[in-house]
Amino acid sequence: MEKVRISKLMSERGLCSRREADDYIERGWVRVDGEVVSELGARAYPHQEITLERAARARQTARVTILINKPVGYVSGQAEKGYTPAVALIDARSRYAGDRSPLRFERRHLEGLAVAGRLDIDSQGLLVLTQDGRVARQLIGEDSTVEKEYLVRVQGSLAENGLALLNHGLSLDGKPLRPAQVRWQNGDQLRFVLREGKKRQIRRMCELVGLKVVGLKRVRIGRVALGDLPLGQWRYLRQDERF
């Protein structure tokens, strides 16, 4: 059995991201079978126990995850082509009045926020920004199976077997898509539940079966729903909430 980089093992076990693991190792905050490891690139066997020191766990607890109801016209990540990034929506004034988190908004909560599952500029709804590598990996890691739910308004004529194909049978970029859950919500709106997130996936899926998307809203990620969070406002993910 070959040894594996400890940072890789830590990421695979959901302890933190690989970048965070390297930081913790450098600080002497990681133990393998009870022994402190402080050498970057150190390796361990997959069966060995890896634990974090209290300082690392405290740092993780201090990291925030923010939920935004992103409006159309904002990009999810970095500013581009003159468009405003969703992070610009986050300030004390735009915080949802019904936010039940005890946290007080601080400017440091904007540092190092990563988008965990993008939304196109012409889409709206639940967007997750996080400082916590564990959350990012859970939502957008290669092996992520967290459900994302969307309400999709469409125009056009659905192909005869189109609904069945939307559920399973389509391919994008030469690769078959994972099975989805797609059903009519009403006369012009579909409800999609996906376990993957290819670029503009829903719009491209709909085009393949004769439909054009004219409105798209993400309403749930895992066990966290958009709920009554107003458009353009945000709140903190609470300690008792899990995706």
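Remarks
- Among the residues of region 125-140, the one identified as in a loop (DSSP other than H, G, I, E, B) and of a type in the set (S, T, N, Q) is 131.
- Matching strands (runs of 3 or more DSSP E) fully within region 6-92 where at least 1 residues are surrounded by fewer than 12 Cβ atoms within 10 Å (Cβ to Cβ): 35-37
To keep it simple, each residue is scored yes or no on (1) over 19 Å from the mean Cα position of the chain (by Cα); (2) modelled with pLDDT of 95 or more; (3) not acidic (Asp, Glu).
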position: 137; (1), (2), (3): no, no, yes
position: 141; (1), (2), (3): no, no, yes
position: 160; (1), (2), (3): yes, no, no
position: 166; (1), (2), (3): yes, yes, yes
position: 174; (1), (2), (3): yes, no, yes
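- Scan region 48-70 for residues that are among the basic types (Lys, Arg) and at pLDDT 90 or above and the total you get is 1.
- Of the residues making up region 71-85, just one is within 17 Å of residue 235 (Cα to Cα) and at pLDDT 95 or above, namely 71.
- Whichever residue in region 195-209 is touching a helix residue (DSSP H, G or I) at 6+ places or on another chain (Cβ under 9 Å) and modelled with pLDDT under 95 and, among such residues, is nearest to residue 222 (Cα to Cα): 197
- Residue in region 106-118 that is basic (Lys, Arg), assigned to a loop (DSSP other than H, G, I, E, B) and either surrounded by 14 or more Cβ atoms within 10 Å (Cβ to Cβ) or touching a Leu at 6+ places or on another chain (Cβ under 9 Å) (or both) present: yes
- Residue among 224, 213 that alone is surrounded by 14 or more Cβ atoms within 10 Å (Cβ to Cβ), at pLDDT 95 or above and more than 22 Å from residue 161 (Cβ to Cβ): 224
- Residue check, residue 187 out of contact with any His (no Cβ under 7 Å at 6 or more places or on another chain) and on the phi > 0 side of the Ramachandran plot: no
- Subset of region 189-202 (residues that are among the aliphatic types (A, V, I, L, M) and either exposed (fewer than 14 other Cβ atoms within 10 Å of the Cβ) or not in a helix (DSSP H, G or I) (or both)): 190, 193, 194
- Screening residue 154 with (1) at pLDDT 95 or above; (2) in contact with a Cys (Cβ under 7 Å, 6 or more places away or on another chain); (3) part of a helix (DSSP H, G or I) gives one miss only, at (3).
- Within region 176-188, the set of residues being assigned to a strand (DSSP E or B) and either crowded, with 19+ Cβ neighbours inside 10 Å or within 24 Å of the chain's Cα centre (by Cα) (or both) comprises 176, 181, 182, 183.
- The single residue among 38, 7, 11 that is more than 24 Å from the chain's Cα centre (by Cα) and farther than 30 Å from residue 124 by Cα turns out to be 38.
- Checked against the criterion of being free of Cβ contacts under 8 Å to residues at least 40 places away in the same chain and not in a helix (DSSP H, G or I), the candidates 143, 122 yield just one match: 143.
The values are calculated or read from the model by the stated rules, or taken from the named source; none is laboratory data. Worth saying up front: this structure is predicted, and the values here are computed from it rather than measured. Cβ: placed from backbone, ideal geometry, glycine included. Neighbour counts: every protein chain shown.
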